[in-house]
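Asker: Submitted below is the structure of interest, expressed as structure tokens.
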Amino acid sequence: MLRLDGVHQVFHRGDVNEVHALRGLNLEVPAGQFVTVIGSNGAGKSTLFNVVAGVFAPSEGRIVLNGEDVTRTPEHRRARLIGRVFQNPLLGTAASMSIAQNLALALLRGRRRRLTPGVTPGRERQFRDLLAPLGLGLENRLDAKVALLSGGQRQALTLLMATMTQPRLLLLDEHTAALDPGTAQKILELTRALVAQQQLTTLMITHNMQQALTTGDRTLMMDGGQIVLDLSAQERASMSVQDLVDQFTQVRHAELADDELLLA
Ligand SMILES: Nc1ncnc2c1ncn2[C@@H]1O[C@H](COP(=O)(O)OP(=O)(O)O)[C@@H](O)[C@H]1O
Ligand SMILES: [Mg+2]
């Protein structure tokens with residue numbers, strides 16, 4: 001489904017600010033796999049998502065998605081294949097548009113945009129059916145402006161919008177990190193349900209190591225632009241967070257230095 005061969009990303013090459021953000025990443029993710037990704041601040045996690053989504057082309061290496069070499073394919077042409085949710089709940093939705101208009105817009109993702117996304121009665125029914133299982137009452141507020149929603153409601157809507165067109169790949173970049181713990185848990189449950197229902201191939205970045213070990217079916221740990229641990233479902237089944245920290249120390253010959261990771 002997704003393959004990376006020898007992917008490097010260098011920012012500001014030759015400059016005093018040169019950053020080697022990805023250092024020869026090799027990764028193969030089969031269809032339907034749900035991978036959690038963890039790593040200290042600056043490890044290269046978001047850069048990995050950016051090269052996969054086509055925000056920029058990698059400095060070196062190849063990216064194959066759905067059997068097609070997309071290394072040089074522009075972001076907007078990959079958008080149809082990729083659903084993406086960011087940490088900031090304000091990023092995924094258009095605040096001044098209604099819930100129904102946002103959902104209609106999501107249906108057009110990656111296609112040639114019309115000026116106004118159409119909200120027909122048939123679509124309203126479809127949108128209500130999509131929203132009702134969230135249990136947030138949004139199905140009765142189709143005409144409400146998204147600006148009126150809470151962060152958790154917006155993130156739930158964003159998640160729905162990112163998955164409703166059955167993307168080949170779902171990229172979640174700390175999408176629960178900005179929410180209070182109770183809401184974050186609900187969004188995580190919703191994520192699990194949507195991924196399972198549609199058997200979506202998914203990569204989820206989290207800074208919560210416990211969550212990483214208990215969500216999906218594989219965990220990658222990144223450090224210094226490399227994948228330093230790649231744990232299968234069996235390997236991580238009996239692992240504690242302390243085991244994960246110990247394994248990191250063993251392979252890197254260094255302490256894991258990230259308060260956010262260790263305190264999560
Ligand atoms: N667009 C960019 N321009 C320059 N440097 C960047 C850019 N994006 C990321 N970096 C740098 O690349 C490194 C990895 O960043 P990032 O992938 O955001 O890490 P993570 O998501 O794991 O915290 C960091 O040193 C960061 O400052
Ligand atoms: Mg990041």
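The values are calculated or read from the model by the stated rules, or taken from the named source; none is laboratory data. Just so you know, these numbers come straight off a predicted model, no measurement behind them. Using ideal geometry, Cβ is built from the backbone for each residue, glycine included, and neighbour counts are taken over all protein chains shown.
Asker: What about VAL245, is it outside any loop (DSSP other than H, G, I, E, B), touching an Asp or Glu at 6+ places or on another chain (Cβ under 9 Å) and not aromatic (Phe, Trp, Tyr)?
Answerer: Details: outside any loop (DSSP other than H, G, I, E, B): yes; touching an Asp or Glu at 6+ places or on another chain (Cβ under 9 Å): yes; not aromatic (Phe, Trp, Tyr): yes.
So VAL245 passes the test.
Asker: Okay, next question. Could you grab me the full set of residues in the range 81-98 that are under 18 Å from the mean Cα position of the chain (by Cα) and either in a loop (DSSP other than H, G, I, E, B) or among the polar types (S, T, N, Q) (or both)? Full working, then the answer.
Answerer: To start, the set of residues in the range 81-98 that are under 18 Å from the mean Cα position of the chain (by Cα) comprises 81-93.
Correct list: LEU81, PHE86, GLN87, ASN88, PRO89, LEU90, LEU91, GLY92, THR93.
Asker: Pick from LEU256, LEU213: which is in contact (Cβ under 8 Å) with a residue 40 or more places away in the chain, under 21 Å from VAL29 (Cβ atoms) and touching a helix residue (DSSP H, G or I) at 6+ places or on another chain (Cβ under 8 Å)? Reasoning before the result, please.
Answerer: Working: LEU256 fails: under 21 Å from VAL29 (Cβ atoms).
Only one candidate qualifies: LEU213.
Asker: Taking the range 1-18 as the search range and keeping residues that are surrounded by 15 or more Cβ atoms within 10 Å (Cβ to Cβ) and among the β-branched types (Val, Ile, Thr), which one is nearest to ligand 1 (Cβ to nearest atom)? Lay out the reasoning, then the answer.
Answerer: Of the range 1-18, the ones surrounded by 15 or more Cβ atoms within 10 Å (Cβ to Cβ) are 1-5, 7-10.
Still in the list and also among the β-branched types (Val, Ile, Thr): 7, 10.
Details: VAL7: 12, VAL10: 9 Å.
My answer is VAL10.
Asker: If we keep just the residues of the range 39-70 that are among the aliphatic types (A, V, I, L, M) and in contact with a Lys or Arg (Cβ under 8 Å, 6 or more places away or on another chain), which is farthest from ligand 2 (Cβ to nearest atom)? Walk me through how you get there before you give the answer.
Answerer: Of the range 39-70, the ones among the aliphatic types (A, V, I, L, M) are 43, 48, 51-53, 55, 57, 63-65, 70.
From the residues that got through so far, the ones that are in contact with a Lys or Arg (Cβ under 8 Å, 6 or more places away or on another chain) too are 53, 57, 63-65, 70.
Details: ALA53: 13, ALA57: 19, ILE63: 18, VAL64: 23, LEU65: 21, VAL70: 21 Å.
Looking at residues that are among the aliphatic types (A, V, I, L, M) and in contact with a Lys or Arg (Cβ under 8 Å, 6 or more places away or on another chain), I get VAL64.
Asker: Hey, can you tell me all the residues within the range 177-203 that are under 19 Å from ASN66 (Cβ atoms) and either charged (D, E, K, R) or within 15 Å of ligand 2 (Cβ to nearest atom) (or both)? Show your work before the answer.
Answerer: Initially, the range 177-203 is screened for residues under 19 Å from ASN66 (Cβ atoms), giving 195, 198-203.
Hit for the range 177-203 is LEU203, nothing else.
Asker: Any idea which residue in the range 167-176 is farthest from ligand 2 (Cβ to nearest atom), counting only those that are touching a residue at least 40 places away in the same chain (Cβ under 8 Å) and surrounded by 23 or more Cβ atoms within 10 Å (Cβ to Cβ)?
Answerer: The first filter runs over the range 167-176 and keeps only residues touching a residue at least 40 places away in the same chain (Cβ under 8 Å), leaving 167-175.
Cutting the leftovers down to surrounded by 23 or more Cβ atoms within 10 Å (Cβ to Cβ) gives us 170-172, 175.
Values: LEU170: 16, LEU171: 11, LEU172: 11, HIS175: 11 Å.
My answer is LEU170.
Asker: Turning to a different aspect of this structure: Need the failing condition index for VAL19 against (1) at pLDDT below 95; (2) within 16 Å of ligand 2 (Cβ to nearest atom); (3) over 30 Å from ARG192 (Cβ atoms), just the number.
Answerer: That leaves (1) as the condition not met.
Asker: Within the range 1-80, considering only strands (runs of 3 or more DSSP E) that don't extend past its boundaries, which have at least 1 residues that are touching a strand residue (DSSP E or B) at 6+ places or on another chain (Cβ under 8 Å), of a type in the set (Phe, Trp, Tyr) and in contact (Cβ under 8 Å) with a residue 24 or more places away in the chain? Write out each step before concluding.
Answerer: Working: elements: 2-11, 19-29, 34-39, 60-65.
By residue number, 34-39.
Asker: Give, as residue ranges, the helices (runs of 4 or more DSSP H) completely inside the range 144-215 that count at least 1 residues that are more than 26 Å from LEU229 (Cβ to Cβ).
Answerer: Values: elements: 151-163, 181-198, 209-214.
Ranges flagged: 151-163, 181-198.
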